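The values are calculated or read from the model by the stated rules, or taken from the named source; none is laboratory data. Because the structure is predicted, anything quoted here is derived from the model rather than measured. Reconstructed Cβ throughout: ideal geometry from the backbone, glycine too, with neighbour counts over all protein chains shown. The area values use the complete protein model at the heavy-atom level, side chains included, leaving out ligands, DNA and RNA. Shrake-Rupley method; radii C 1.70, N 1.55, O 1.52, S 1.80 Å.
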Amino acid sequence: MEQKTAKKRILTGVQPSGILHIGNYFGAISASVKLQEEADESFLFIADFHSLTVNPDPDALRERVKQVALDFLACGIDPAKTLFFRQSDVPEVCELSWILNCITGVGLLERAHSYKDKIAKGFSPNNGLFSYPVLMAADILLYKSTLVPVGKDQKQHLEITRDIAIRFNQMYGETLVVPDGYINTDVAVVPGLDGQKMSKSYNNTIEIFGNPKAIRKKIMGMPTDCKTLEEPKDPDTCNVFALYKLFSTKAQQEEMAERYRAGNYGYGHAKQALFDAYMDFFAPMRKRREELEADPGYVESVLKTSAEKAKAVAQETLLQVQKAVGLR
């Protein structure tokens, strides 16, 4: 029998892997902001332990953690509704990860798609990369999360978490909450500047808080077809229009679509409209981020205060696990 808590407790982790772009916003960030309104309790952590699998430069890692904290707070994460903390500020996750490693079969980890994909791409594997799903399981199970938002690429890792929790409970009695996954089907698929999926690996991103001049240059340089200014154009096949829809109202979209079809409306006009809509959309968040950046003490206090509250939950779970396996 799976143990469940009465509360709807949502947990999300975000890796500090670089500058966040609008694909991240319309995916993980906006979903986290929305879910904090729906959950009884919301936990969001910056996964700095996970990032060590690629051996980042220490100073770069610290800076990326800082930037992620600023970005998520500026975009609407509310410390009054979400415990927002660094993963490494709750080291209990490492002890639970070790205990879970000791009941996890090697074959289960060898079947992990993300590990196999990285090996196929020539990554030099380390044990952290191999056992990544176990640390992810510890992240989820430590806080007795009931619901975990995951992308399609992380769905298998959640299934591994469920397998590990069920096995633990079968071996030691009902101790861990077996979480459910949540795939948000409303998340927009954000195209990059070149029409492919927006991704840092494709170098086709628009940063959330990028330099306005640099962002405008990127947008104005987007590839389009060769139709002249006078010719009618099809908005449904245009990547500029696809991005414009992310930042505009239904009425604004219909107006631009009519201009496309009527002709005498160039792609340069559409790109300028896209840039203006992007700037208007993120203007309040840019202002908030500037305020946060000017008050680093506040940002640090948010992370520390949240970590203390998360740590209280973690210690309770870990004590139950320790007793179950015979360590207490």
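Points to keep in mind about this one:
- Nonpolar atom fraction for the chain, defined as the carbon and sulfur part of the 1.4 Å probe accessible area, stands at 53 percent.
- Counting charges near Gly195 (Lys, Arg +1; Asp, Glu -1) among other residues having Cβ under 15 Å from its Cβ returns a value of 0.
- Gaussian network model of the chain, Cα within-10 Å springs - most flexible of Glu92, Glu230, Glu63: Glu230
- Of all DSSP bridge pairs formed entirely within the chain, close to 10 percent run antiparallel.
- 5 angstrom amide H check on Cys238, placed H, neighbours 5+ away: none
- Long-range amide H partners of His21 with built H, under 5 Å: Ile208
- Average accessible surface area per residue within the chain, 1.4 Å rolling probe, Å²: 49
- Binned Cα-Cα distances of the stretch 35-131, short to long, each 10 Å bin given as a whole percent: 13, 33, 34, 19, 1
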